[in-house]
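Accompanying notes for the structure given below.
The values are calculated or read from the model by the stated rules, or taken from the named source; none is laboratory data. Note that the structure is predicted; figures quoted are calculated from it, not measured. Here the Cβ positions follow ideal geometry from the backbone for every residue, glycine too, while neighbour counts run over all protein chains shown. All accessible areas refer to the heavy atoms of the entire protein, side chains included, with ligands and DNA or RNA removed. Shrake-Rupley method; radii C 1.70, N 1.55, O 1.52, S 1.80 Å.
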Amino acid sequence: MASIILASASPRRSELLEQIGVRFSVQPAHIDETPRTAEVPGDYVERLAREKALAVAISFPGKLVLGSDTSVVLNAAILGKPSNEREAKAMLAELSGTTHQVMTAIALVQGAHCESCLVTTQVTFRCLSDHEIAAYVATGEPMDKAGSYGIQGLGGIFVKELKGSYSAVVGLPLQETAALLASAGCPVWKHWPSSRESQS
């Protein structure tokens, strides 16, 4: 088993780690994701990232465990994954023509030590017509995504402007992830094959 474990079943997070050449295994975390009373979105997202990593780390002492969580936030309200098409359409209508925040937190556990950080990206949607929203929801893409859209998929055509980390909106801020791994003594370039290895 790889020395780095991703505590997430998200294929998008796996793809991002693979993009930067990190070797890892996947072990999804199962935790209660209910927000606490009066918990602000940033604290909520970072807490979940830490709890996911810690929950998995218990079973894998000696491994580096990376947890992450992403929430779409509009006017200080968290927009989670839609439970049905009606909710998806309602969320997209709320986001239409507005600027919202995508908050992604990452946490890295090594033994009893846990480091985490929160990355906030400002995303502005252009105005969406009811027809566009209905057509997008009909594709099924919004149904497993926070805020009912995927910027890396068809939903990317709705984005008018982005200020911050694109990869964080997808699900994993690459620069911050690389920095956390480096601080734990595992820079991502250590995972990259050398030219000699690639020729063998």
### Message
Quick check on my filter: what residues within the stretch 1-45 are closer than 14 Å to Thr70 by Cβ, of a type in the set (D, E, K, R) and part of a loop (DSSP other than H, G, I, E, B)?
### Response
Glu33
### Query
Could you give every pair whose Cβ atoms fall below 7 Å, whose first residue belongs to the stretch 9-28 and is over 21 Å from Ile58 (Cα atoms) and among the small types (Gly, Ala, Ser), and whose second residue is open to solvent by 40 Å² or more (accessible area, probe 1.4 Å) and assigned to a loop (DSSP other than H, G, I, E, B), counting only separations of at least 6 or pairs across chains?
Gly21/Trp192
### Message
Any residue at all in the stretch 146-168 that's among the acidic types (Asp, Glu) and outside any helix (DSSP H, G or I)?
### Response
yes
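Yes/no per residue for (1) farther than 20 Å from Thr177 by Cβ; (2) hydroxyl-bearing (Ser, Thr, Tyr):
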{"position": "Leu66", "(1), (2)": "no, no"}
{"position": "Ala93", "(1), (2)": "yes, no"}
{"position": "Thr98", "(1), (2)": "yes, yes"}
{"position": "Ile106", "(1), (2)": "no, no"}
#### Entry: Residue list for the stretch 84-105, filter: out of contact with any Gly (no Cβ under 7 Å at 6 or more places or on another chain) and either more than 27 Å from Glu46 (Cα to Cα) or among the aliphatic types (A, V, I, L, M) (or both)
Glu85, Arg86, Ala88, Lys89, Ala90, Leu92, Ala93, Gly97, Val102, Ala105
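Confirm whether Lys89 is within 30 Å of Leu128 (Cα to Cα), open to solvent by 20 Å² or more (accessible area, probe 1.4 Å) and in a loop (DSSP other than H, G, I, E, B).
For Lys89, the condition - within 30 Å of Leu128 (Cα to Cα), open to solvent by 20 Å² or more (accessible area, probe 1.4 Å) and in a loop (DSSP other than H, G, I, E, B) - is not met.
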### Query
Taking Gly97, is it open to solvent by 30 Å² or more (accessible area, probe 1.4 Å) and either assigned to a strand (DSSP E or B) or of a type outside the set (Lys, Arg) (or both)?
yes
### Query
So Ile78 clears everything in (1) in a helix (DSSP H, G or I); (2) touching a strand residue (DSSP E or B) at 6+ places or on another chain (Cβ under 6 Å) except one condition, right? Which one?
(1)
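Please go through the stretch 109-123 and pick out each residue that is open to solvent by 60 Å² or more (accessible area, probe 1.4 Å), more than 16 Å from Ser71 (Cα to Cα) and in a strand (DSSP E or B).
Within the stretch 109-123, the first condition is being open to solvent by 60 Å² or more (accessible area, probe 1.4 Å), and the residues that meet it are 110, 112-113, 115, 118, 120, 122.
Pick out the ones that are also more than 16 Å from Ser71 (Cα to Cα) and you get 110, 112-113, 115.
Matches in the stretch 109-123: Gln110, His113, Glu115.
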### Message
If I filter the stretch 47-68 down to residues being among the charged types (D, E, K, R) and open to solvent by 50 Å² or more (accessible area, probe 1.4 Å), which single residue comes out as farthest from Cys114 (Cα to Cα)?
### Response
Lys63
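Here are Thr177, Thr121: which of them is of a type in the set (Val, Ile, Thr) and under 26 Å from Ser83 (Cβ atoms)?
Thr121
Any chance the stretch 185-195 includes a residue that's open to solvent by less than 30 Å² (accessible area, probe 1.4 Å), modelled with pLDDT of 95 or more and touching a helix residue (DSSP H, G or I) at 6+ places or on another chain (Cβ under 9 Å)? Steps first, please.
Taking the stretch 185-195 as the starting set, the residues that turn out to be open to solvent by less than 30 Å² (accessible area, probe 1.4 Å) are 186-188, 191.
From the residues that got through so far, the ones that are modelled with pLDDT of 95 or more too are none.
Checked against the condition, which is being open to solvent by less than 30 Å² (accessible area, probe 1.4 Å), modelled with pLDDT of 95 or more and touching a helix residue (DSSP H, G or I) at 6+ places or on another chain (Cβ under 9 Å), the stretch 185-195 yields no hits at all.
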